[in-house]
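Structure record follows, encoded as structure tokens.
The values are calculated or read from the model by the stated rules, or taken from the named source; none is laboratory data. This structure is a prediction, so every number in the text was calculated from the model and none was measured. Reconstructed Cβ throughout: ideal geometry from the backbone, glycine too, with neighbour counts over all protein chains shown. Only protein heavy atoms, including side chains, enter the accessible area calculation; ligands, DNA and RNA are left aside. Shrake-Rupley method; radii C 1.70, N 1.55, O 1.52, S 1.80 Å.
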Amino acid sequence: MTTNGTHYRKHTITALVQDKPGVLNRVASMFRRRGFNIASLAVGESEVPHLSRMTFVVNAENEDTVDQATKQLRKIIEVVKVTDLSAEDIVARELALVKVRAPDSAIRGEIIQVVELFRAKIVDVASDTLVIEITGEESKIDTILSLMKGFGILEIMRTGRVAITRGTKSALKTNAKEG
Amino acid sequence: MKLTGAQVVCESLIREDVDVIFGLLGGAILPLYQTLPQYPQLKHILVRHEQAAAHAADGYARVTDKVGVCIATSGPGATNLVTGLANAQMDSVPMVAITGQVPRKAIGKDAFQETDVQGVTLPVTKHNYLVMDPNELARTIKEAFHIAKTGRPGPVLVDIPKDVLQEIVDYDPENVAIDLPGYKPHLTGDPTQIRAAAKLISEAKRPIILAGHGVIISRAYAELRELAEKAQIPVITTLLGISSFPEDHVLSVGMPGMHGMAYANIAIDRSDLLIAIGMRFDDRVTGRISDFAPRAKVIHIDIDPAEIDKNVKATVPLVGDVKNVLVQLNRLVTNKTHLDWVREIEQTKKEHPSHLIPENNKLLPQYVVRQIWEATKGNSIIVTGVGQHQMWAAQHFFYTKPGSFVTSGGLGTMGFEVPAAMGAKVGRPHDTVWSICGDGGFQMTLQELATIREHNIDVKFAIFNNGFHGMVRQWQEFFYKKDYVETRFFNPDFVKLAEAYDMKGFRVTERAKVRDTIEKAMAHKGPVLVDFVVESEENVYPMIPAGTSVKEMLEAPMPGRELVDHKDAST
């Protein structure tokens, strides 16, 4: 374990948890109580029946914080497996839905150009607005959003990051839970 | 067989070897209480306040090999348990709390005496449950006990709606399986790390063992002693580690930390290897982390992986049950002596005699502790709350019997001393139990004198009556220029109070009467209260002010060593 500088780094942690009432509360409560800073949290079904998978992005000053957060997560009884993906080769994605002002066809055309350039999608067209669906890494979403600012963003909905390891490795098998 | 939910709870408790329950009833939990007479094996002790039920279960669990059990009703009954649960959580005490909840249909409707008990107790329990399906009762109780007593122990709460207790279910005791895929305590040490630890021990010139509560929880007294004697390593015991190693042993160095023995703190400072066993480097032990044991490598043995590297970096982490790990380690540790090091610590003891009590005519609280030790020949369970009385009880009674010191360590709960002593005496009825109380803490839970008298629970109470919240007053003296804001208070006549509860009461106002009164209290069969009117502004020494290090240690003033002004402290 090394102690890095004081700049914040984003770490991706995934947890396989029992699908029971209150689990999200337990996890969120632990992070709050111990002062860990969660940038995003996504929950959904996993490949195993009765188990859900959570993806956390933790803002941490150093490796020690991530280590402690991971260990405290493992202590929660309903948490079955925890994997720190920070050092792994992963695919990470986020989804954003953005409602943009598009009052005339000229502006609409400009927006469509940007959308196509970034391989995003227009999913709703109204008389003076468009809804764009963007999937990708945070940086890609951030770039499109900054480009859209000029047109006038009315609303943004972003999911948290979800991540998976590349290749045959499975999060179920890495980093077995202890304690 | 067909049983009500309440019967399933009782059957399950009996299967978990429960024989005593501390509790207080109310509407939501009533179906369980009305069922209790069918199970005379379950002895119920009715407390006067639910906090006491939790502390009594805590004290009971600490002195037995059992899980402490307490029961409360919904709403205020359950919230009154919270301090007791937090206390048990901080000190890793195995407990199961059962609470009644409003009927399922009423949950979430702000019903009478409804509280989200699962939500409220979430951060102060190892785990908790709300049982919405009566068919889950048997499994849930089995899991609760399993979680409470295995791994790093802790309190588990089971919240049960009233109608779940009333519903009739099929109960098959032979067919109750726990389902905890995410709970696998790590019990044995990693062999590579064991070898690394043994190597560090063989290379160390000035090793020190820091024995904590984990040694007592794991019942690893013999293994600890074997390690210490084999490699001739001096042993320091943390507040909760007290009694894990006999204090009359030549290698015993006493307690470390804020009010630890000066020589223990100096030894840590000079050590080149700390062998931390079942302890968690609490800030009261370490002081300023950057100045703690600056020359030492660290072997950290703990069953909870999250304790490794939390406060102090481990050179060699060893996750596992203390007893198992010590057995593994002892196989590899070779016979060794550290004569120079042991002699150096002996010399430090002479230069810094922290355990000495001033010889004068004053009625000093330290003196009372020492007299209880002499009168009982060390054969007593000592129970304390938090504060000056606790530190004196830790410093001036020499513990030689495993598990003979019961104290509120991590949470520092005033008032723990009364109900915890009651629980300890119920758990070990043949042992002498002295509850050493602060006059402040005692008044937080003194209502339990009624419970104690009702069941004739033979606890001897020694109240250190100084008319102050003494430890806070000491901080005001040291750090706030003796500005005694709200620390002085009025006390009732404790002897009359004892009499009101139909108990024997004595008052001692002079040193010469201390021993005689202790003897009288012990000769009396049944609970006794002794009001020791002690020096009101006596301080606990040594003291390492919060957030500082051994360099800033304050020792008792004596000729040639005057007290100097101190800087303000942090926490």
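Residue check: is B:G410 open to solvent by 10 Å² or more (accessible area, probe 1.4 Å) and either farther than 15 Å from B:W434 by Cβ or touching an Asp or Glu at 6+ places or on another chain (Cβ under 9 Å) (or both)?
Working: open to solvent by 10 Å² or more (accessible area, probe 1.4 Å): yes; either farther than 15 Å from B:W434 by Cβ or touching an Asp or Glu at 6+ places or on another chain (Cβ under 9 Å) (or both): yes.
Spelling it out, B:G410 is indeed open to solvent by 10 Å² or more (accessible area, probe 1.4 Å) and either farther than 15 Å from B:W434 by Cβ or touching an Asp or Glu at 6+ places or on another chain (Cβ under 9 Å) (or both).
From the list B:Q7, B:Q51, B:Q89, the one residue that fits, being in a helix (DSSP H, G or I), under 21 Å from B:K425 (Cα atoms) and modelled with pLDDT of 95 or more, is B:Q51. Residues in the range B:4-25 that are open to solvent by 20 Å² or more (accessible area, probe 1.4 Å) and of a type outside the set (V, I, T) were compared, and the one that is nearest to B:I457 (Cα to Cα) is B:D19. Exactly one residue out of A:D19, A:D104 is in contact with an Asp or Glu (Cβ under 9 Å, 6 or more places away or on another chain) and within 14 Å of chain B (Cβ to nearest Cβ): that is A:D19.
Determine whether the range A:102-111 contains at least one residue that is assigned to a strand (DSSP E or B), open to solvent by less than 70 Å² (accessible area, probe 1.4 Å) and in contact with a strand residue (DSSP E or B) (Cβ under 6 Å, 6 or more places away or on another chain). I'd like the intermediate steps shown before the answer.
Here is the first cut: in the range A:102-111, the residues assigned to a strand (DSSP E or B) are none.
So far as the range A:102-111 goes, no, none of its residues is assigned to a strand (DSSP E or B), open to solvent by less than 70 Å² (accessible area, probe 1.4 Å) and in contact with a strand residue (DSSP E or B) (Cβ under 6 Å, 6 or more places away or on another chain).
Consider the range B:103-120 and keep the residues that are without any contact (Cβ under 8 Å) to a residue 12 or more places away in the chain and within 14 Å of chain A (Cβ to nearest Cβ). The one that is nearest to A:N25 (Cα to Cα) is B:G119. Here A:A87 clears all of (1) small (G, A, S); (2) away from every other protein chain (no Cβ under 14 Å); (3) in contact (Cβ under 8 Å) with a residue 24 or more places away in the chain except the condition numbered (3). Of all residues in the range B:239-255, those that are open to solvent by 10 Å² or more (accessible area, probe 1.4 Å) and over 23 Å from B:E374 (Cβ atoms) total 1.
Against the conditions (1) under 20 Å from B:V368 (Cα atoms); (2) part of a helix (DSSP H, G or I); (3) of a type outside the set (S, T, Y), B:M444 satisfies every one except (1). Looking at the range B:464-500, which of the residues that are open to solvent by 60 Å² or more (accessible area, probe 1.4 Å) and of a type in the set (F, W, Y) is farthest from B:V369 (Cα to Cα)? The selected residue is B:Y480.
Criterion first (over 26 Å from the mean Cα position of the chain (by Cα) and crowded, with 24+ Cβ neighbours inside 10 Å) does B:P207 satisfy it? When the stated conditions are applied, B:P207 passes them.
Tallying residues that are surrounded by fewer than 18 Cβ atoms within 10 Å (Cβ to Cβ) and closer than 30 Å to B:P123 by Cβ within the range A:69-101 yields 1.
Among all residue pairs at least 6 apart or on different chains, which show Cβ distances below 6 Å where the first residue, located in the range B:176-201, is within 14 Å of chain A (Cβ to nearest Cβ) and the second is open to solvent by 40 Å² or more (accessible area, probe 1.4 Å) and modelled with pLDDT under 95? Pairs that qualify, where the first residue is within 14 Å of chain A (Cβ to nearest Cβ) and the partner is open to solvent by 40 Å² or more (accessible area, probe 1.4 Å) and modelled with pLDDT under 95, are B:H186/A:E178. Check the range A:135-150 and report whether any residue there is open to solvent by less than 60 Å² (accessible area, probe 1.4 Å), not small (G, A, S) and not in a helix (DSSP H, G or I). No, the range A:135-150 contains no residue that is open to solvent by less than 60 Å² (accessible area, probe 1.4 Å), not small (G, A, S) and not in a helix (DSSP H, G or I). Scanning the range B:125-132 turns up no residue that is basic (K, R) and under 22 Å from B:V8 (Cβ atoms). Among the criteria (1) within 12 Å of another protein chain (Cβ to nearest Cβ); (2) surrounded by fewer than 17 Cβ atoms within 10 Å (Cβ to Cβ), the one B:I168 does not fulfil is (1).
Taking A:R26 as the residue in question, decide whether it is surrounded by 19 or more Cβ atoms within 10 Å (Cβ to Cβ), over 27 Å from A:K169 (Cβ atoms) and within 14 Å of chain B (Cβ to nearest Cβ). Spell out the reasoning first.
Numbers: surrounded by 19 or more Cβ atoms within 10 Å (Cβ to Cβ): yes; over 27 Å from A:K169 (Cβ atoms): yes; within 14 Å of chain B (Cβ to nearest Cβ): yes.
Yes, satisfied.
Condition check: away from every other protein chain (no Cβ under 14 Å) and in a helix (DSSP H, G or I). Does B:R219 satisfy that? Considered against the rule, which asks whether it is away from every other protein chain (no Cβ under 14 Å) and in a helix (DSSP H, G or I), B:R219 comes out as no.
State whether the residues of the range A:124-143 include one that is assigned by TED's automatic domain parsing to the domain that holds A:A42 and among the hydroxyl-bearing types (S, T, Y).
Filtering the range A:124-143 down to residues assigned by TED's automatic domain parsing to the domain that holds A:A42 leaves none.
Checked against the condition, which is being assigned by TED's automatic domain parsing to the domain that holds A:A42 and among the hydroxyl-bearing types (S, T, Y), the range A:124-143 yields no hits at all.
Within the range B:140-152, can one find any residue that is surrounded by 23 or more Cβ atoms within 10 Å (Cβ to Cβ), more than 14 Å from chain A (Cβ to nearest Cβ) and assigned to a helix (DSSP H, G or I)? Yes, the range B:140-152 has at least one match. Give me the residue from the range B:121-135 that is more than 24 Å from the chain's Cα centre (by Cα) and facing chain A (nearest Cβ under 10 Å) and, out of that set, farthest from A:S29 (Cα to Cα). The selected residue is B:M132.
Kindly check whether there is at least one residue in the range A:38-58 that is over 20 Å from the mean Cα position of the chain (by Cα), more than 10 Å from every other protein chain (Cβ to nearest Cβ) and open to solvent by 20 Å² or more (accessible area, probe 1.4 Å). Talk me through it step by step, then tell me what you get.
Just the residues of the range A:38-58 that are over 20 Å from the mean Cα position of the chain (by Cα), to begin with: A:48-50.
If we keep only those that are more than 10 Å from every other protein chain (Cβ to nearest Cβ) too, we end up with A:49.
With the extra rule that they be open to solvent by 20 Å² or more (accessible area, probe 1.4 Å), the set shrinks to A:49.
The answer is yes; a qualifying residue exists.
For (1) in the same structural domain as B:V386 (by TED's automatic domain parsing); (2) closer than 26 Å to B:V406 by Cβ; (3) crowded, with 24+ Cβ neighbours inside 10 Å, each residue gets a yes or a no:
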{"position": "B:H49", "(1), (2), (3)": "no, yes, no"}
{"position": "B:A57", "(1), (2), (3)": "no, yes, yes"}
{"position": "B:L85", "(1), (2), (3)": "no, yes, yes"}
{"position": "B:A88", "(1), (2), (3)": "no, yes, yes"}
{"position": "B:V96", "(1), (2), (3)": "no, yes, yes"}
{"position": "B:I107", "(1), (2), (3)": "no, no, no"}
{"position": "B:E114", "(1), (2), (3)": "no, no, no"}
{"position": "B:M132", "(1), (2), (3)": "no, no, no"}
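Note on the range A:9-23: residues that are among the polar types (S, T, N, Q) and under 17 Å from the mean Cα position of the chain (by Cα) total 2.
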